[in-house]
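Just so it is clear, none of the values below were taken in a lab; they were calculated from the coordinates. Just so it is clear, the model here is predicted, and its values are computed rather than measured. Virtual Cβ from ideal backbone geometry, glycine too; neighbours counted across all protein chains shown.
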Amino acid sequence: MIKCIAIEDEPLALELLKKYIAKIPNLQLIGSFTDAIEASEFIRKYKPDLLFLDIQMPDITGIQLYRSLEEKPMVIFTTAYSEYAVEGFELDAIDYLLKPYPFDRFEKAVGRAIEYFNFKTQPAVADPECFFVKSEYQVVKINCSDVLFIEGLDDYVKIHLHHSKPILSLMSLKSLIEKLPQTKFKRVHRSFIVPLQNIRSIRNKKIMLGDNTEIPIGASYADEIQAWMKK
């Protein structure tokens, strides 16, 4: 069960949010507030797992409140103003709901939170089957088996997938490779990470993937790849 708090300065919007929360079996509402200062004290005391947090509020904004927390729970931001999406995204928000949002959109956001909560709280495994990245103002779950290859593009990574469009995430290949299971992925070039199960052949410092994509092997990675091949 995920303990959550609803923070919304408009009473009618808060009531609707509470009704939505009540429809989700995995959510336990432990507090609801129209005052951000009062809510922040409650959060520090009771440490919820998830916040539904309105951004535009008097006194302090939802973003200011979230930044002030030393221990940051998961957060789904709600607001009528789309210009806040980028800042919410930079704070690792699970999702961003633009008012007025229907129940099915709310349910989709909560589904992401539940998946991420389960991933974070389950016992650590040496060989996880999925990982999470931020993309388009939300946290996205990616199954390892769906990855074709990963490409570095300046400040972004582009995750190419077998059966859907690529996913862009604002991060470096270095930070991403630290998230990935080492038994499933290997960095082979300053601009590329490949899933080991998708390697069809290696020849002339090039890797041929299952869909016939060719990936170059960087000079600084050649010895490591050769050692891996010998194993």
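Quick look at the values:
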read-out	value
Arg190 long-range amide H proximity, modeled H, under 5 Å	Gly218
Positive minus negative residues near Cys130 (Lys, Arg vs Asp, Glu; Cβ under 14 Å)	+1
Label-point gap, in nm, between Gln28 and Lys179 - each point 7 angstrom along Cα→Cβ	2.9 nm
Point-charge dipole on Cβ atoms (K/R +1, D/E -1) for the chain, about Cα centre, debye to 20	1320 debye
Taking region 1-96 and dividing mean pair separation by its residue count, relative contact order in percent (alpha carbons under 8 Å, at least six apart)	26 percent
Highest-MSF residue in the chain out of Lys45, Lys134, Lys108 [GNM, Cα springs under 10 Å]	Lys45
For peptides 63-76, 169-182, sequence by mean Cβ density within 10 Å, most packed first	63-76, 169-182
Signed unit charges on C-beta, dipole axis of the chain, positive-most listed residue Val133, Ile199, Leu98	Ile199
The chain - percent relative contact order, Cα under 8 Å, separation 6 or more	11 percent
Centre separation in Å (Cα based) which lies between region 136-203 and region 1-56	35 Å
Rel. contact order, % - alpha carbon contacts under 8 angstrom, at least six apart, region 144-230	21 percent
Calculated FRET value between Ile60 and Lys141, using beta carbons and R₀ = 35 Å, to 0.05	0.65
DSSP bridge orientation in the chain - percent antiparallel, rounded to nearest 5	60 percent
